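These notes are about the structure you will find just below.
The values are calculated or read from the model by the stated rules, or taken from the named source; none is laboratory data. All values reported here derive from a predicted model rather than from experimental measurement. Cβ: placed from backbone, ideal geometry, glycine included. Neighbour counts: every protein chain shown.
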Amino acid sequence: MPMLNEDIRRQVTDLFTRNLREPVTMHFFTQKSSLISVPSQECHTCKEAGELLREIVSISDKLKLETHDLVAEAEMARKLGVEKIPGLVLQGKNRGMVRYFGVPAGYEFGVLIEALKDLSQGTTQLSENTRAQLSRLPGPVHIQVLVTPT
C-alpha cells in the first residue's frame, strides 16, 4: 500500500519534474531482516523508512536509492558518518552531503524533498548575506538538528 496519497505524490512529481537537474544518490542504512528479534538491536522504523524512500525514488529517474546494512557495511557507514539506523546520506551535484536519521515523515518529509531538490541543483536558496557569513568560517562545520514528534 502506498505511503503517499495521490495528492502528495502529484505535488512531489510536479516539483521533481520542474526542479531536479542532476542525479542524487540516497544511501539508506538499515539492518537485515531476521527471524530472531534482539530488542536492543531492533530497528522499529527501518521498514517504514525504506518503504517511503522507495516510493520517493519511484517518482523520478534522477533519484537513486542504495540500501546498505549498517553491520555488514560498517566501513562504508563509518566513512559516511552513519552510526544509527535508519540512516540516510544524500549525495548530489556538489561535494557536500546531508545525513538524516529516522523516518522523514511529517514536517521532515518536506525538508527531505527540498534537500533532494537542492542537492540535484547543486545550490540552495540561502541569501547572499548568509553565504558571505558562511564563507568566513575557518573550516568544515558539523551541524545537527534534532527533532522530536509532538
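Here is how the numbers come out for the structure above:
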| quantity | calculated |
| --- | --- |
| Number of positions in segment 69-107 that are within 13 Å of LEU53 (Cα to Cα) and of a type outside the set (Phe, Trp, Tyr) | 9 |
| Every residue from segment 83-109 that is in a helix (DSSP H, G or I) and either in contact (Cβ under 8 Å) with a residue 60 or more places away in the chain or surrounded by 13 or more Cβ atoms within 10 Å (Cβ to Cβ) (or both) | GLU108, PHE109 |
| Segment 114-150: number of residues that are hydrophobic (A, V, I, L, M, F, W, C), assigned to a helix (DSSP H, G or I), out of contact with any strand residue (DSSP E or B) (no Cβ under 6 Å at 6 or more places or on another chain) and surrounded by 11 or more Cβ atoms within 10 Å (Cβ to Cβ) | 0 |
| Candidate set from segment 29-63 (those that are modelled with pLDDT under 90 and hydroxyl-bearing (Ser, Thr, Tyr)); member that is nearest to MET3 (Cα to Cα) | SER33 |
| Residue within segment 76-83 that is in contact with a Phe, Trp or Tyr (Cβ under 6 Å, 6 or more places away or on another chain) and over 20 Å from SER120 (Cβ atoms) present | yes |
| Selected residue (criterion: surrounded by the most Cβ atoms within 10 Å (Cβ to Cβ)) from residues of segment 43-82 that are among the basic types (Lys, Arg) and not in a helix (DSSP H, G or I) | LYS62 |
| Residue match in segment 69-78 (condition: under 13 Å from the mean Cα position of the chain (by Cα) and in contact (Cβ under 8 Å) with a residue 12 or more places away in the chain) | no |
